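Written below as structure tokens is the structure these notes are about.
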Amino acid sequence: MTAEDTGKIIVAGQTALDISPAFREYNLQRLADIFLPGKVVKTGKLTVHLGGTVFNTGLALKKFGASVKLIGKIGDDVIGMLTKELLKPFSEEDSMITASGEDSAYTIVFALKGFDRFFMNYYGCNDNFSSADINETNLEGASHFHFGYPPLMKRMYRNEGEELEKIFRMVKGQHIRTSLDMAAVDENSEAAKCNWKRILEKVLPYVDFFVPSIEEICSFLHPERYAEWVKRAQGRNVTQFLSVAQDVIPLAKELLEMGTKAVMIKCGASGLYFRSGTKSCLKKLGNSFDGWGEKSIFMRGFQAEKVVSGTGAGDTCIAAFLKKMADGEELEECLRMAAAAGACCVASYDAIGGLRTMEEMERKINNGWIQNELSSDEQLLLQKAGVTIL
């Protein structure tokens, strides 16, 4: 099989049930002002929906018309039963691996206007996901393999990522194109204390497209630098205070040096930064990747019509990118639709409720969908660095 074959896109990794209380608008300077001992906070309707990379990216791909196979674990508890019930409209309730006697994962998502999201995670049976859950049989017919959120899966990061490396080495051995996404973790957790530089040095040579957010990858590779960013943001979304030229590009270069063929770094509402390795390196993925090598592009984000929650925006952004890639589209079109999907996603508490079809997003772009602007200083810095701004 080659990357040019039209086959299924496999989405594997972390699963969760997301629980999102709705908040009315508060005039807050700090997120901490709402979480005070003894304080009563009035909330709105509770939204319960599928979450985690498997459901967010996988079901978005299905909505975009891709052929998809989901690989993830859920427990045989009440949350697991509810998860299967929510999967029925997508005909995916039987695709999950049911872990007998184990608990399902859940995430409580707090999304307040003007602030980055705040999560409370229980990882459940995701911690026991291993390379044994992915084999050559369930890779049959796949043209692309996407794995997400290894920092939320204990066996994926223990022993310097041995299981994660084993999975990607096996998949690449089947000549299947690959991508990897990350996730934020509690700074005091076991995952945060791992040597992620060492883990990524082992895994990224088997990853064709590495697609983390800027916050995630900086927190893992350079925690002290990330702490400075958080301090600078003072409780606001970190991406609002970053320079693509000074903060993002150096990390992209570092990741390419670790062995991945290309990186697409999600930078919040401002957009996406894509950087690729050599032309010959990308051409090995197939003829449709002729012209993808040696690129440095910043794709500006599109302005969202409504912002309810950023939950799943990065995952759906990846889904659109992978779908257009599978369709053999040019790189610039893949990035354009990725940014469009992210802007649509934020209109809903769940990952796919706010999504539009590919055709609808294309029409909106063609009708002059407004993009977020970069400062004149940032534009100048990017131009000096040889970055194409879209």
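The values are calculated or read from the model by the stated rules, or taken from the named source; none is laboratory data. The model shown is predicted, which means the values in this text are computed figures rather than measured ones. Don't worry about glycine lacking a Cβ; one is built from the backbone with ideal geometry, like all the others, and counts go over all protein chains shown. To get the accessible areas, we keep the full protein, side chains included, count just its heavy atoms, and leave off ligands, DNA and RNA. Shrake-Rupley method; radii C 1.70, N 1.55, O 1.52, S 1.80 Å.
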For Lys42, tell me the accessible area in Å² from a 1.4 Å probe, rounded to the nearest 10.
150 Å²
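Considering only DSSP beta bridges with both partners in the chain, what is the antiparallel share in %, to the nearest 5?
Working: 23 of 51 bridges.
Roughly 45 percent of the DSSP beta bridges within the chain come out antiparallel.
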Top positive-direction residue, dipole computed over the chain with Cβ charges, set His175, Ser288, Ser375
Ser375
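Could you sort Leu46, Leu256, Leu381, Leu282 by their accessible area in this structure, using a 1.4 Å probe and putting the largest first? Each step should come with its number before you reach the end.
On the way: Leu46 95, Leu256 40, Leu381 65, Leu282 0 Å².
Heavy-atom accessible area, descending, gives Leu46, Leu381, Leu256, Leu282.
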Which of the lysines could a cross-linker span from Lys42 if the Cα-Cα distance has to be under 24 Å and same-chain partners fewer than 8 positions apart are dropped?
Lys113, Lys306
Using a ≥ b ≥ c from the Cα gyration tensor of segment 190-276 (square roots of the eigenvalues), is it rounded, prolate or oblate, where a/c under 1.5 gives rounded and otherwise the larger of a/b and b/c decides, a/b for prolate?
oblate
Name the residue, out of Cys281, Cys125, Cys344, whose mean-square fluctuation peaks in a Gaussian network model built on the chain with Cα pairs under 10 Å.
Cys281
Which one, (i) 61, 55, 43; (ii) 65, 41, 40; (iii) 83, 50, 36, gives Cα extents along the principal axes in Å as derived from the coordinates shown?
(i)
Where does each of Thr178, Thr137 land when they are ordered by accessible area, with a 1.4 Å probe and the largest first?
Thr137, Thr178
For the chain, built as a Gaussian network whose Cα springs stay under 10 Å, the top-fluctuating residue of Tyr349, Tyr122, Tyr149:
Tyr122
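Select from the chain the helices, each a whole stretch of DSSP H, whose alpha-carbon atoms run 18 Å or more along the helix axis and whose Kyte-Doolittle mean is at least 0.0; answer none if there are none. Let's see the in-between values first.
Details: long enough: 154-173 (23 Å, -1.28); 313-326 (20 Å, 0.74); 331-345 (21 Å, 0.94).
Passing helices, by number: 313-326, 331-345.
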Centre separation in Å (Cα based) which lies between segment 288-335 and segment 215-283:
16 Å
Trp229 accessible area, assembled protein chains, probe 1.4 Å, Å²
10 Å²
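Measuring with a 1.4 Å probe in the full set of protein chains, what accessible area per residue, in whole Å², belongs to segment 32-184?
Details: 6630 Å² over 153 residues.
Here the residues of segment 32-184 average 43 Å² of exposed surface.
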Please list Val230, Val11 from largest to smallest accessible area, probe radius 1.4 Å, with all protein chains kept in place.
Val230, Val11
If amide H atoms are built 1.01 Å from N in the plane of the peptide, which residues on other chains or at least 5 residues away come under 5 Å of the amide H of Ala99?
Ile74, Gly75, Asp76
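Where the accessible area of segment 227-308 is counted over protein heavy atoms with a 1.4 Å probe, how much of it, in %, is carbon and sulfur?
C and S fraction of accessible area: 46 percent.
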For segment 344-390 and segment 163-201, compute the distance between their C-alpha centroids and round to whole Å.
28 Å
Once every DSSP H run of n ≥ 4 in the chain is given -39500 (n - 2.57) and the sum is divided by its residues, what mean residue ellipticity at 222 nm do you get, rounded to the nearest 500 deg cm²/dmol?
-10000 deg cm²/dmol
Within the set Lys88/Lys266; Lys253/Lys279; Lys84/Lys266, which residue pairs have Cα atoms separated by over 24 Å?
Lys88/Lys266; Lys84/Lys266
Of the candidates Gly65, Gly161, Gly13, which one comes out as most mobile in a Gaussian network treatment of the chain with C-alpha springs shorter than 10 Å?
Gly65
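Once a ≥ b ≥ c are taken as the square roots of the eigenvalues of the Cα gyration tensor of segment 191-342, is the result rounded (a/c under 1.5), prolate (a/b larger than b/c) or oblate (a/b not larger than b/c)? Working shown, then result.
Details: a/c = 1.94, a/b = 1.18, b/c = 1.63.
Oblate, since a/c reaches 1.5 and b/c is not below a/b.
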Any idea of Phe241's accessible area? Nearest 10 Å², probe 1.4 Å.
80 Å²
Cβ-placed point charges (K, R +1; D, E -1), dipole of segment 257-390 about Cα centre in debye, nearest 20
240 debye
Could you pull out every one of the aspartates and glutamates with an alpha carbon less than 18 Å from that of Lys323, ignoring same-chain neighbours closer than 8 positions?
Glu4, Asp5, Asp181, Asp208, Asp290, Asp315, Glu332, Glu333, Glu359, Glu360, Glu362
Using modelled backbone amide H atoms (1.01 Å from N, in-plane), which distant-in-sequence or interchain residues come within less than 5 Å of Asn237's amide H?
Asp116
